[in-house]
């Protein structure tokens with residue numbers, strides 16, 4: 001079983017690359033953002049809470065996100081592996097995911113490295129193209145700040161476990177994809 005976490009700041013290209021890796025390695029793509037947006041679209045009670053949190057550029061609480069991820073792992077127990085996009089975002093979530101996958105295969109972490117100016121440019125463009133309320137400059141800067149404070153420290157956690165693979169996330173989509181595929185193939189050998 002191959003389990004991957006696609007990691008990087010908002011706008012690093014996690015969703016795009018996760019989709020390409022899903023197809024390449026026949027993995028189940030679990031995007032926390034997409035799963036949360038589905039809840040919002042359903043206009044459920046949970047969706048209303050999530051909508052308010054996302055609009056402020058903050059992170060949805062661990063309890064909600066952990067439960068959603070666990071439910072999807074259990075529903076898809078017979079897949080070749082998972083690629084997690086937007087999860088985990090903090091140490092508690094990382095430990096929860098490791099405990100869920102311990103009997104299968106601990107995930108490798110693919111970290112997309114992109115400079116801040118490029119991230120902001122990408123997110124503003126995405127906001128214009130998709131009308132996402134969380135892709136305006138004020139919310140973007142808040143999301144990048146939250147990432148720096150709460151999520152980026154996970155890199156040390158995964159580095160200490162020798163599961164971190166950093167890849168240059170700038171350039172053409174296909175070029176970045178080929179870098180990721182090459183790193184995964186090196187690890188699988």
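Please treat every number below as a calculation from the coordinates, not as lab data. Computed from a predicted model, the values in this text were never measured in an experiment. Using ideal geometry, Cβ is built from the backbone for each residue, glycine included, and neighbour counts are taken over all protein chains shown.
Can you pull the three principal axis extents for the Cα set of segment 41-189, in Å, largest first?
That works out to 43, 38, 26 Å along the principal axes.
Run lengths n ≥ 4 of DSSP H only: what is the helix-derived mean residue ellipticity at 222 nm for the chain, with -39500 (n - 2.57) per run over all residues, to the nearest 500?
After summing the helix terms and dividing by residue count, I get -17500 deg cm²/dmol.
Multiply the residue gap between residue 128 and residue 26 by 0.36 nm, knock off their C-alpha separation, and tell me the result in nm, one decimal place.
Stretched out fully, the residue 128 to residue 26 stretch lengthens by 33.6 nm.
Less than 14 Å from a label point 7 Å out along the Cα-to-Cβ axis of residue 100: which backbone N atoms in segment 1-39 qualify, by residue?
So the set is 3-6, 28-36.
Which of 72, 177 has the fewest other C-beta atoms within 10 Å, and how do the rest follow up to the most?
72, 177
Could you check how many percent of all C-alpha pairs in segment 1-67 are farther apart than 14 Å?
For segment 1-67, the share of Cα pairs beyond 14 Å comes to 64 percent.
Determine one quarter of the surface area of the Cα convex hull of segment 87-162, which equals its mean projected area, and express it in nm² to one decimal.
Mean projected area for segment 87-162: 6.0 nm², to one decimal.
Build a GNM of the chain with springs between Cα atoms under 10 Å: which of 109, 173, 69 gets the top mean-square fluctuation?
For the chain, modelled as a Gaussian network with Cα springs under 10 Å, the answer is 173.
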